[in-house]
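The values are calculated or read from the model by the stated rules, or taken from the named source; none is laboratory data. Just so it is clear, the model here is predicted, and its values are computed rather than measured. When we count neighbours, we look across all protein chains shown, and the Cβ atoms used for this are built from the backbone with ideal geometry, even at glycine. These area figures cover heavy atoms from the full protein model, side chains too; ligands, DNA and RNA do not enter into them. Shrake-Rupley method; radii C 1.70, N 1.55, O 1.52, S 1.80 Å.
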Amino acid sequence: ITVLLGYFGENQQWERVTEVISYTKRIRFKLNVIQFTALINVHCKANQFDQVVEVFEEMKRSGVELDNSSCCSLIASLTKSSDPHHAEPLLEVWTLLRNQTPEMETDKDMTALSQTITVLLVYFGENQQWERVTEVISYTKNVFQLGAHQYNTLLSSFGKANNLDALQQCLETMMQKGATNAISWQIVIQHLTKPSQITHVAQNDVVEAWEQWRQLAQWGDDSQQEEYEVRTWVNLVQYFGSEEIANWEVVDSLEKWMLLDNFTELQKNNKRLALTALRRVYHEAERSEDAARVGGLLL
């Protein structure tokens, strides 16, 4: 039964999955937690979230206790759903997971639990459920330390909510634990340099973020990552070149860093993105000579 559910689910043969379930009911075969978990994964893959909840309810009716694996599968499924009615069963599963002894016997167990923590941080953060975020962090203290990816998820959630105090506290914790990387500082820069935050953020904090990012940034062959790097640089140029900040010393250092150290390695579209942004900043500040100089590089 387990093999059939897994096979038909992987091959998206939903009618066959239904046949297997009907067969188990006809012969009064009781599914165990492994088979229920396989069924959850099948419905998740098909984006059948109502059916995921039905499986969860059937597990409870059948007296089948959820283990770490089934909880992780349910959480992975229900956090993908946009239906508000699925929020309550999600919280119920999260409570069950919190009250269980973590299964950490294999690397697979560790990976599944780590991914679940990340998914929960994203979900609760995007929904600004900060008490739940705190619960997740408290839970991890008894299991494992958060990694840079999970901390970065927190940074992004706090930034999107414009909760800069929480963002700064999270960043301080990351620095104490040595958990920052280039992406951490990109996220920080993205949110500290928002036009809506320009009067609420200390300029020194942005300068420090720029210095930290400059030391860690790596310009690789990945086009999407390179564009993200360039957009981070653009955010800095626009911030320091704004009328409110007008720190041309930093703009100058940003220009030199980009044009002298990294420019030749950039793809053509990213070169144009960087130069266009820099020329616009100079133009809006009525620095016509600088705007013309940068414009010449666009030709």
Complete set of residues in the range 23-66 that are of a type outside the set (Lys, Arg), open to solvent by 60 Å² or more (accessible area, probe 1.4 Å) and assigned to a helix (DSSP H, G or I): 23, 34, 41, 50, 51, 54, 57, 58
Check on residue 18, without any contact (Cβ under 8 Å) to a residue 24 or more places away in the chain, over 31 Å from the mean Cα position of the chain (by Cα) and surrounded by 15 or more Cβ atoms within 10 Å (Cβ to Cβ): no
Some residue of the range 188-195 being at positive phi, surrounded by fewer than 22 Cβ atoms within 10 Å (Cβ to Cβ) and not aromatic (Phe, Trp, Tyr): no
Of all residues making up the range 122-142, the number that are part of a helix (DSSP H, G or I) and under 14 Å from the mean Cα position of the chain (by Cα): 6
Test set (1) farther than 16 Å from residue 76 by Cβ; (2) open to solvent by less than 30 Å² (accessible area, probe 1.4 Å) - residue 13 fails condition number: (2)
Residues (among the aliphatic types (A, V, I, L, M) and within 11 Å of residue 64 (Cα to Cα)) located in the range 26-42: 31, 33, 34
Residue match in the range 222-238 (condition: modelled with pLDDT under 95, outside any helix (DSSP H, G or I) and either farther than 26 Å from residue 169 by Cβ or open to solvent by less than 20 Å² (accessible area, probe 1.4 Å) (or both)): yes
Residue 254 vs. criteria buried (at least 16 other Cβ atoms within 10 Å of the Cβ), at pLDDT below 95 and not in a loop (DSSP other than H, G, I, E, B): yes
In the range 257-282, the residues that are modelled with pLDDT of 85 or more and surrounded by fewer than 16 Cβ atoms within 10 Å (Cβ to Cβ): 269, 272, 276
Helices (runs of 4 or more DSSP H) within the range 143-219 that include 3 or more residues acidic (Asp, Glu) and out of contact with any Cys (no Cβ under 9 Å at 6 or more places or on another chain): 203-216
Boolean, residue 119 is under 22 Å from residue 87 (Cα atoms) and either touching a helix residue (DSSP H, G or I) at 6+ places or on another chain (Cβ under 8 Å) or of a type in the set (S, T, N, Q) (or both): yes
Check on residue 79, under 25 Å from residue 161 (Cβ atoms), under 19 Å from the mean Cα position of the chain (by Cα) and surrounded by fewer than 14 Cβ atoms within 10 Å (Cβ to Cβ): no
Residue pairs meeting the criteria (Cβ under 7 Å; at least 6 apart or on separate chains; first more than 13 Å from residue 157 (Cα to Cα) and among the hydroxyl-bearing types (Ser, Thr, Tyr), in the range 179-197; second part of a helix (DSSP H, G or I) and open to solvent by less than 20 Å² (accessible area, probe 1.4 Å)): 180/174; 193/206; 193/236; 193/239
Candidates 120, 90 - the one that is open to solvent by less than 10 Å² (accessible area, probe 1.4 Å) and in contact (Cβ under 8 Å) with a residue 40 or more places away in the chain: 120
Residue, surrounded by the most Cβ atoms within 10 Å (Cβ to Cβ), within the range 283-299, restricted to residues that are touching a helix residue (DSSP H, G or I) at 6+ places or on another chain (Cβ under 7 Å) and at pLDDT 90 or above: 294
